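Notes to accompany the following structure.
The values are calculated or read from the model by the stated rules, or taken from the named source; none is laboratory data. Because the structure is predicted, anything quoted here is derived from the model rather than measured. Cβ placement follows ideal geometry from the backbone for every residue including glycine, while neighbour counts extend to all protein chains displayed. Keep in mind that these areas ignore ligands, DNA and RNA; they rest on the heavy atoms of the full protein, side chains included. Shrake-Rupley method; radii C 1.70, N 1.55, O 1.52, S 1.80 Å.
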Amino acid sequence: MLGDKAEAAATKPLRADAQRNRDALVEVAAAAFAAHGVDASLEEIARQAGVGIGTLYRHFPTREHLVEVVYRREVESLCHAADELALHHPPDVALEQWMQRFVDYIATKRGLATSLRILLNTNSTLFSDMSGRVSLALRRLVDAAVADGSIRGDVDASDVLHALGGIYSAPDTEDWRDRSRRLVSLLMDGLRFGAAKSAKGGE
């Protein structure tokens, strides 16, 4: 299975230069897929990463292999961001900044849509594992903001995720990211409205 190959490749030790090449390819590919979709040129991805196309294929034998690694990286980065933001910002600010990063995650996921559908048939656990991690990351942020009193006490993380998920199906226009970021700001305004801290401040 493709997922088994990806896992084996990820756990096999690499030389430092090979690891740098792999990391560069994944980073460039994530940006390319988000901007141009899954049909983005692999040759151009390799060129921008500073390697030859042969190096790309040594690390990622198929386009779907690269897509899976990029998707896993995006999920891991999003979940890691939740922990980092929670350490350095008040709970509601951490939640808002994480939701803004969620827009970038969705942009990449939309670009990968065609290949992700193929992967769904070859690696049935990939999406359940990854989506579960995103849900847990969001829940930690929401619960912290509720406990802090900076967002409404009746907020449920699953409702917030459902609202964010609507961004995925929005029309793919040139201003999609800007509109999505504005929607996140509006959502955050709604989460803060009537919060314990806001209510106390208005007394």
How far is helix 124-148 tilted off the main Cα axis of the chain, in degrees rounded to 10, range 0 to 90? 30
So the compactness index of the range 91-203, its C-alpha Rg divided by 2.2 N^0.38 Å, takes the value 1.19
Along the charge dipole of the chain, which of VAL134, ALA107, ASN21 sits closest to the positive end, that is, farthest toward it, with unit charges on the beta carbon of Lys, Arg, Asp and Glu (+1, +1, -1, -1)? ASN21
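As a test of the formula, what do you get for the chain when each DSSP H run with n ≥ 4 contributes -39,500 (n - 2.57) and the sum is divided by the residue count, at 222 nm and rounded to the nearest 500 deg cm²/dmol?
Details: 11 runs with 160 residues, N = 203.
Here the helix-only value at 222 nm equals -25500 deg cm²/dmol.
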The ³J(HN,Hα) series, computed from each phi in the range 189-195 with the Karplus coefficients 6.51, -1.76 and 1.60 at θ = phi - 60°, rounded to the nearest Hz and given as x for glycine or proline, is 4, x, 5, 7, 4, x, 5
As an exercise, find the ratio Rg/Rh for the range 8-112 from alpha-carbon atoms, using the Kirkwood inverse-distance average for Rh. 1.03
Can you tell me the orientation of helix 63-88 relative to the chain, as the angle in degrees between its alpha-carbon axis and the longest Cα principal axis, to the nearest 10? 30
With no solvent term and unit scatterers on the alpha-carbon positions of the range 71-141, Debye gives log₁₀ I(q)/I(0) at q = 0.15 Å⁻¹ of -0.50
Pairwise FRET efficiency - ASP159 versus HIS36, Cβ, R0 = 35 Å, nearest 0.05: 0.60
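Leaving out ligands and nucleic acids, note down the accessible area per residue over the range 35-109 with a 1.4 angstrom probe, in whole Å². Working shown, then result.
Numbers: 3370 Å² over 75 residues.
Heavy-atom SASA per residue in the range 35-109 reads 45 Å².
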At q = 0.10, 0.11, 0.16, 0.17 Å⁻¹, what is the base-10 log of I(q)/I(0) for the chain according to the Debye formula with one equal point scatterer per Cα and no solvent? Please give it to two decimals. -0.49, -0.58, -1.05, -1.14
Tilt, helix 16-36 to longest principal axis of the chain (alpha-carbon atoms), in degrees rounded to tens, equals 60
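Under 14 Å from the Cβ of SER115, count the other residues' Cβ atoms, weight Lys and Arg +1, Asp and Glu -1, and hand me the total.
Details: positive: ARG63, ARG72, LYS109, ARG110, ARG117; negative: ASP39, GLU64, GLU68, GLU74.
Taking every Cβ under 14 Å from that of SER115, the sum is +1.
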Under a Gaussian network model of the chain whose springs join Cα atoms within less than 10 Å, the largest fluctuation of VAL155, VAL38, VAL184 belongs to VAL155
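Rounded to the nearest 20 Debye, what is the dipole magnitude of the chain about its Cα centre when Lys and Arg each give +1 and Asp and Glu each give -1 at the C-beta? Mind dumping the intermediate values first?
Working: 25 positive and 29 negative charges, 69 e Å.
Roughly 320 debye for the chain.
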With each pseudo-label sitting 7 Å past Cα toward Cβ, what's the ASP17-GLU84 distance in nm, one decimal? 2.9
